[in-house]
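Trainee: After the structure tokens below, expect a handful of questions from me.
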Amino acid sequence: MSVAAVAGPVSPFELTEDQRAIQQTAREFAAEQLAPHAIEWDQAKHFPVEALRAAGQLGIGGVYVDESVGGSGLSRFESVLIFEALATGDPSIAAYISIHNMCAGMIDRFGTAEQRARWLPRLCSMEQLASYCLTEPGAGSDAAALQTRAVRDDDGYLLTGVKQFISGGGSSDVYVVMARTGEPGAKGISTFIVEGDAEGLSFGANEKKMGWNAQPTRQVIFDGVRVPADQRLGEEGIGFRIAMTGLDGGRLSIAACSLGGAQAALDKSLAYVRERSAFGAKLSEFQVLQFKLADMATDLEAARLLLWRAAWALDVKDPGATRLCAMAKRLATDAGFAVANEALQIHGGYGYLAEYGLEKIVRDLRVHQILEGTNEIMRLIISRGLLAA
């Protein structure tokens, strides 16, 4: 085919009508159910379970879980549209929903038919909530060094150890737990589904945090917790692979949440400079602020395009998907925090006041540069992929 025979360009960035409808539904939910309460929830450290149940009724509890078990059966690409939209209302709640979805997705992908039928319908409806348990007090970035042990017992396993920084800890009904069943290192780790009322399971105090106050964060403590063998997810020894597979998608979701929070901050800034005057002119007429806004919008759009690229790669099982997910997570979370911080600066003293919501967005987005793998670890993943090529 000659170049002249091509009728015209086809944009790879145009959303379908269905995708626009999905995005709009999530955006409306965020505006109606999350944004009006976000500051109050943050200040009261309130975990809005009823709002989560309402999200479940819209199919947001199992975004990329198969429809046969109650999920929405959407792609990772469509999931990032949803999580970005939700985060415009409240990044903290959007991020928890993304973690819940990561757990449900792991059960859907690696679970048996019986496990999927047992847990996924109630997780997808968010009648039950889920937490992801990988990090430990002594094993954060070096997750393969985890010490929580699962020792074979007559009809299952006994779990002993402590997980740290667990979103939803003490409030969730299901915990997807990585524990050591074999040799040191990644190959000795297995994954288990632990129910929240299991005997021997307890929780630490709700952590006092800089942000993400609308979701609880606690230690999850296993003191000889008996887990039946049919609650092991996948075969023994593949737990680290299961965990990392979940994190590829989790990194996309947290990147999307950063973009959503930062977009809300940018939107607040645009409204503010249009309304406020100084030195006899609207702030929108000052070139220094025009340039700031231009850079903020450009950085978000660049990060969004990389996020879409990485989500597509994960959907089509591109061999470079893990590296692209790390790139998208690094860029979007750095850009998101920088844009939110700049928005606070544009608002001056008002940005520092809680009632304007800017300082909350800044606090919420800061942790995105740390969780789901710190951005330093993202650089390590990226560089290893480059050097191995």
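Trainee: Count the net charge of all other residues whose Cβ sits under 11 Å from the Cβ of Ala321, scoring Lys and Arg as +1 and Asp and Glu as -1.
Mentor: Around Ala321, the charge tally is +2.
Trainee: Sticking with the crude label model, points 7 Å out along Cα→Cβ, report the distance from Ala229 to Leu387 in nm, one decimal please.
Mentor: Simple spin-label model gives 4.3 nm for this pair.
Trainee: Working out 0.36 nm times the residue gap between Arg20 and Ala297, then minus their Cα-Cα distance, what length gain in nm do you get to one decimal?
Mentor: Answer, rounded to one decimal: 97.7 nm.
Trainee: While we're on this one: Determine the share of the chain's accessible area contributed by carbon and sulfur atoms, expressed in whole percent, with a 1.4 angstrom probe.
Mentor: 53
Trainee: While we're looking at this one, here's another question. Give the percent of DSSP beta bridges with both residues in the chain that are antiparallel, rounded to the nearest 5.
Mentor: Of all bridge pairs located within the chain, approximately 85 percent are antiparallel.
Trainee: What's the lysine pair count for the chain at a Cα cut-off below 21 Å, pairs eight or more apart or interchain?
Mentor: Lysine pairs meeting both conditions in the chain amount to 15.
Trainee: Next question. Using the basic label-point model (7 angstrom from Cα toward the beta carbon), what is the Arg53 to Ile370 distance in nanometres?
Mentor: 3.2
Trainee: Using just the alpha carbons, could you tell me how many Å³ per residue the convex hull of region 295-384 encloses?
Mentor: So the per-residue hull volume is 92 Å³.
Trainee: Suppose the Debye formula is applied to equal point scatterers at every Cα of region 217-277; what is log10 I(q)/I(0) at q = 0.18, 0.19, 0.22 Å⁻¹?
Mentor: Each listed q corresponds, in turn, to -0.88, -0.92, -1.01.
Trainee: Given R₀ = 30 Å, what would the calculated FRET efficiency be for Gln290 paired with Tyr350, taking r from the Cβ atoms and rounding to 0.05?
Mentor: The pair Gln290/Tyr350 has a calculated efficiency of 0.95.
Trainee: Using only Cα atoms, figure out Rg for region 128-192 and give it as a multiple of 2.2 N^0.38 Å.
Mentor: 1.10
Trainee: Can I ask one more? Please give the Cα centre distance for region 51-83 versus region 197-274, rounded to the nearest Å.
Mentor: 16
Trainee: Then there's this: Given a 1.4 Å probe, how much area per residue of the chain is accessible, in Å²?
Mentor: Per residue, the chain has 44 Å² of solvent-accessible surface.
Trainee: What is the packing order of peptides 43-56, 189-202, taking the mean over residues of other C-beta atoms within 10 Å and listing the highest first?
Mentor: Listed from highest to lowest mean packing, they are 189-202, 43-56.
Trainee: Give the separation of the Cα centroids, region 104-153 to region 301-352, in Å.
Mentor: Between the Cα centres of region 104-153 and region 301-352 lies a distance of 26 Å.
Trainee: Normalised by the number of residues in the chain, what is the relative contact order in percent for Cα pairs under 8 Å and 6+ residues apart?
Mentor: Relative contact order comes out at 16 percent.
Trainee: Highest first, please rank the peptides 21-34, 346-359 by the mean number of other Cβ atoms sitting within 10 Å of their residues.
Mentor: Result, highest mean first: 21-34, 346-359.
Trainee: Regarding region 40-125, what's the average projected area of the Cα-atom convex hull, expressed in nm²?
Mentor: 5.3
Trainee: What full-extension length gain, to one decimal in nm, is calculated for Val151 and Asp267 as 0.36 nm per residue of separation minus the Cα-Cα distance?
Mentor: Stretched out fully, the Val151 to Asp267 stretch lengthens by 36.5 nm.
Trainee: Would you check the accessible area of Trp312, probe 1.4 Å, heavy atoms only, in square angstrom rounded to 10?
Mentor: 130
Trainee: So what is log10(I(q)/I(0)) for region 266-336 at q = 0.11, 0.14, 0.17, 0.20 1/Å, when the Debye sum runs over its Cα atoms only?
Mentor: Each listed q maps to, in turn, -0.41, -0.55, -0.67, -0.78.
Trainee: Out of all Cα-Cα pairs in region 212-351, roughly what percent, to the nearest whole number, are more than 28 Å apart?
Mentor: 41
The values are calculated or read from the model by the stated rules, or taken from the named source; none is laboratory data. Owing to the predicted nature of the structure, the values given are computational and were not obtained by experimental measurement. Don't worry about glycine lacking a Cβ; one is built from the backbone with ideal geometry, like all the others, and counts go over all protein chains shown. Note: accessible area is taken over every heavy atom of the protein model, side chains too, but ligands, DNA and RNA are not part of it. Shrake-Rupley method; radii C 1.70, N 1.55, O 1.52, S 1.80 Å.
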